[in-house]
Amino acid sequence: MKIFFRRIHLYLGLTAGLVITVSCLTGALLVFEKELTEAFNHDRYYVTPAGERLSLDKVAALVKEQVPGAGISRMQIFADPARTIQVTLDEGRKGGKKDGKPEVAGEKKGPRENASPMGKGEKAPKKEKGRTAFVNPYTGKVVELYSYSKTFYYKIFSLHRWLLAGDTGKAITGASTLIFVFILITGIILWWPKTRNILKQRIKVKWDGGWKRLNHDLHIVLGFYAAIFLFVCAFTGLIWSYEWFSNGLYAVLRTSPKPGAAPLSAPAEIINSKSITYEAALASVQQTAPDAVFYALSAPKDSTAAFMVSLLPAHTLNEAATTTYYLDQFNGKVLKSETFAQRNLGQKVRSTIKPLHTGAIFGTASKIFALIIALLGVTFPTTGTIMWINRTRKKKKSAKTPVRAPEAVPAPAA
């Protein structure tokens with residue numbers, strides 16, 4: 001039976017080994033993407049505090065002046081006074097408006113609200129989707145307009161997810177990830193020892209052995225220790241690769257990842273026609289939750305939607321464990337709040353998939369561990385191929401070596 005599993009393990013490894021190597025290597029590079037990005041672009045994320053922070057609504061107005069035609073999709077402010085405000089731009093709306101309504105909550109319409117500061121004869125810059133404005137919270141100056149799709153790490157991410165080859169690459173990485181799951185399962189079956197002596201050999205690397213023995217142990221022993229964690233990475237990767245796999249997971253769990261319906265604001269004509277400001281929404285939430293790593297505010301999209309504020313509680317390792325507040329957009333009253341613990345099982349699973357896959361689930365410690373596991377994953381296709389080559393050469397040598405006939409034994413003298 002083990003011969004059967006060994007062949008499956010071998011053929012699958014030879015088929016998907018290169019893609020698995022690329023996925024693990026790029027995955028290792030992405031583990032500390034956030035920390036490295038901030039370290040190498042310090043001026044984008046940090047400023048020198050000077051005086052009082054501007055109101056969020058003033059910041060929003062200044063951003064719209066500096067980025068003509070842009071609307072505001074989301075504003076994120078941090079507890080750290082040195083951090084810039086991150087303003088996610090919505091540049092798909094003409095003049096930053098939708099259906100004739102101002103994009104920024106609490107602002108009045110004006111004929112020059114989105115007027116371009118450029119002189120005559122100058123051409124407006126081509127709009128880019130998905131940009132983020134990093135803004136000095138004390139001056140309102142846009143420090144940098146950032147587009148993730150133009151960064152080095154986006155190239156690494158694209159290589160990791162779809163091999164820089166669009167839908168074709170996505171299909172290849174998806175199939176390779178599925179193959180990787182079977183490789184890991186068959187690897188555990190092949191590793192399983194029959195005796196206690198064999199068990200001792202398979203849980204410890206013989207560092208003083210020959211290079212063939214060392215290569216063997218690096219594949220077998222370290223493969224065993226890393227298998228369960230690589231399985232978690234591959235399993236969570238399949239959820240993104242295949243819709244049927246994702247749907248099947250939630251069906252087995254008998255839950256749904258979809259959030260419940262968001263509460264609605266009271267009809268505008270009953271109260272007033274003016275929506276609360278970003279600053280008022282922030283102040284309302286801070287009364288209940290004053291300690292948070294960050295607050296992310298999204299203005300309502302229409303006259304019935306709620307103002308949404310998400311925050312990450314202080315001393316929380318899991319970045320996905322946010323709390324969301326829904327405010328009436330007209331009077332600022334908290335309509336609903338939902339912590340991570342209050343979400344249903346499907347929502348918790350969905351929020352946990354990414355930090356599990358990237359290793360961010362328990363902060364820096366788990367990221368370091370994930371980096372080590374990913375780097376080990378890079379080595380296994382290579383060490384496995386070397387084992388196969390060594391085994392093949394050994395068989396060829398055995399086949400070429402002639403079998404010596406037994407020497408005739410002389411008959412005893414009479």
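The values are calculated or read from the model by the stated rules, or taken from the named source; none is laboratory data. Note that this is a predicted model, so its numbers are computed, not measured. Positions of Cβ are backbone-derived with ideal geometry, glycine not excepted, and every protein chain shown enters the neighbour counts. Side chains are part of the model used for accessible areas, which takes the heavy atoms of the whole protein and leaves out ligands, DNA and RNA. Shrake-Rupley method; radii C 1.70, N 1.55, O 1.52, S 1.80 Å.
Working only within segment 226-242, note down all residues that are touching a residue at least 24 places away in the same chain (Cβ under 8 Å) and either out of contact with any helix residue (DSSP H, G or I) (no Cβ under 9 Å at 6 or more places or on another chain) or open to solvent by 60 Å² or more (accessible area, probe 1.4 Å) (or both).
The initial filter retains those residues of segment 226-242 that are touching a residue at least 24 places away in the same chain (Cβ under 8 Å), namely 226-227, 229-242.
Those that are touching a residue at least 24 places away in the same chain (Cβ under 8 Å) and either out of contact with any helix residue (DSSP H, G or I) (no Cβ under 9 Å at 6 or more places or on another chain) or open to solvent by 60 Å² or more (accessible area, probe 1.4 Å) (or both): Phe229, Phe231, Phe235, Trp240.
Leu12 passes all but one of (1) part of a helix (DSSP H, G or I); (2) in contact (Cβ under 8 Å) with a residue 40 or more places away in the chain; (3) open to solvent by 80 Å² or more (accessible area, probe 1.4 Å); (4) not hydroxyl-bearing (Ser, Thr, Tyr); which number fails?
With (1) part of a helix (DSSP H, G or I); (2) in contact (Cβ under 8 Å) with a residue 40 or more places away in the chain; (3) open to solvent by 80 Å² or more (accessible area, probe 1.4 Å); (4) not hydroxyl-bearing (Ser, Thr, Tyr) applied to Leu12, the lone miss is (3).
Please tell me if Ile353 is open to solvent by 50 Å² or more (accessible area, probe 1.4 Å), modelled with pLDDT of 95 or more and either among the basic types (Lys, Arg) or under 23 Å from the mean Cα position of the chain (by Cα) (or both). Before you say what the answer is, go through the steps one by one.
Values: open to solvent by 50 Å² or more (accessible area, probe 1.4 Å): no; modelled with pLDDT of 95 or more: yes; either among the basic types (Lys, Arg) or under 23 Å from the mean Cα position of the chain (by Cα) (or both): yes.
Against the criterion (open to solvent by 50 Å² or more (accessible area, probe 1.4 Å), modelled with pLDDT of 95 or more and either among the basic types (Lys, Arg) or under 23 Å from the mean Cα position of the chain (by Cα) (or both)), Ile353 does not qualify.
Can you tell me which residue is farthest from Gly71 (Cα to Cα) among those in segment 130-155 that are of a type in the set (D, E, K, R) and outside any loop (DSSP other than H, G, I, E, B)? Give the derivation first.
First, the residues of segment 130-155 that are of a type in the set (D, E, K, R): 131, 141, 144, 150, 155.
With the extra rule that they be outside any loop (DSSP other than H, G, I, E, B), the set shrinks to 131, 144, 150, 155.
Details: Arg131: 11, Glu144: 16, Lys150: 21, Lys155: 27 Å.
Here the answer is Lys155.
Only one residue in Glu91, Glu38 is open to solvent by less than 40 Å² (accessible area, probe 1.4 Å), touching a Phe, Trp or Tyr at 6+ places or on another chain (Cβ under 7 Å) and not aliphatic (A, V, I, L, M). Which one?
Details: Glu91 fails: touching a Phe, Trp or Tyr at 6+ places or on another chain (Cβ under 7 Å).
Being open to solvent by less than 40 Å² (accessible area, probe 1.4 Å), touching a Phe, Trp or Tyr at 6+ places or on another chain (Cβ under 7 Å) and not aliphatic (A, V, I, L, M) holds for just one of Glu91, Glu38, which is Glu38.
Tyr154 - would you say it is more than 21 Å from Lys34 (Cβ to Cβ), open to solvent by 30 Å² or more (accessible area, probe 1.4 Å) and at pLDDT 95 or above?
Working: more than 21 Å from Lys34 (Cβ to Cβ): no; open to solvent by 30 Å² or more (accessible area, probe 1.4 Å): yes; at pLDDT 95 or above: yes.
Considered against the rule, which asks whether it is more than 21 Å from Lys34 (Cβ to Cβ), open to solvent by 30 Å² or more (accessible area, probe 1.4 Å) and at pLDDT 95 or above, Tyr154 comes out as no.
Quick check on segment 136-174: of everything there that is in contact (Cβ under 8 Å) with a residue 24 or more places away in the chain and under 16 Å from Ala16 (Cα atoms), which residue is farthest from the chain's Cα centre (by Cα)?
Ranking the qualifying residues of segment 136-174, first place goes to Ile172.
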